[in-house]
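Here the structure is laid out as structure tokens; the discussion comes afterwards.
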Amino acid sequence: MAQFDVFVNPVLRAQSAYPFVVTLQSDVIAETREQIVAPLVPRVRIAGIVGRLMPIVRIDDADFVVLTHSMERVRRGDLGKPRCSVASLRSDLLAAVDYLFFGV
């Protein structure tokens, strides 16, 4: 599991609204049982301006918005196999986290 890997949302009751999650936590502590993730919502479900706090990623020819402000922890074992990686958008994802926590 790598930072910025995308997984099918392991929370079944939330999958229809948030089909995927992206790992935001680095692998500095690889032996943790839990992982910090942010849910991804289809772009078509978000009205208005998305902005810096909510970067857009592309998965399977569809745009998804990373809900950085809705981070949560999930058990690593519940994540399964990665669907893809959005590591190419590392700068945007880190900027969103910085903006959320530090306002910069």
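The values are calculated or read from the model by the stated rules, or taken from the named source; none is laboratory data. Quick caveat: nothing in here was measured; it's all calculated off a predicted structure. Here the Cβ is made from the backbone with ideal geometry for all residues, glycine too, and neighbour counts use every protein chain on show.
Restricting attention to the range 73-104, which residues are part of a strand (DSSP E or B) and closer than 22 Å to D63 by Cα?
C84, S85
May I ask you to list the residues in the range 58-81 that are of a type in the set (K, R) and under 13 Å from T23 (Cα atoms)?
Residues satisfying the conditions are R73, R75, R76, K81.
Can you find a residue that is among the acidic types (D, E), modelled with pLDDT under 95 and either within 15 Å of Q3 (Cβ to Cβ) or in a helix (DSSP H, G or I) (or both) anywhere in the range 31-52?
Within the range 31-52, one or more residues are among the acidic types (D, E), modelled with pLDDT under 95 and either within 15 Å of Q3 (Cβ to Cβ) or in a helix (DSSP H, G or I) (or both).
Quick one: in the range 1-48, of everything that is surrounded by fewer than 16 Cβ atoms within 10 Å (Cβ to Cβ) and hydroxyl-bearing (S, T, Y), which residue is nearest to D60 (Cα to Cα)?
By that ranking, first place goes to S16.
Being closer than 15 Å to S26 by Cβ and among the aliphatic types (A, V, I, L, M) is the filter here; which residues of the range 79-95 pass it?
Passing the criteria: V86, A87, L93, L94.
Of the residues V57, V65, V44, which single one is over 10 Å from the mean Cα position of the chain (by Cα) and of a type outside the set (F, W, Y)?
Result of the check over V57, V65, V44: V44.
Is it fair to say T68 is hydroxyl-bearing (S, T, Y) and at pLDDT 90 or above? Reasoning before the result, please.
Working: hydroxyl-bearing (S, T, Y): yes; at pLDDT 90 or above: yes.
So T68 passes the test.
I need the full set of residues from the range 1-27 which are of a type in the set (A, V, I, L, M, F, W, C) and part of a strand (DSSP E or B), in order please. Break it down into steps so the answer makes sense when it comes.
Residues of the range 1-27 of a type in the set (A, V, I, L, M, F, W, C): 1-2, 4, 6-8, 11-12, 14, 17, 20-22, 24.
Matches in the range 1-27: V6, F7, V8, F20, V21, V22.
Would the range 83-90 turn up any residue that is surrounded by fewer than 13 Cβ atoms within 10 Å (Cβ to Cβ) and either under 21 Å from Q15 (Cα atoms) or β-branched (V, I, T) (or both)?
no
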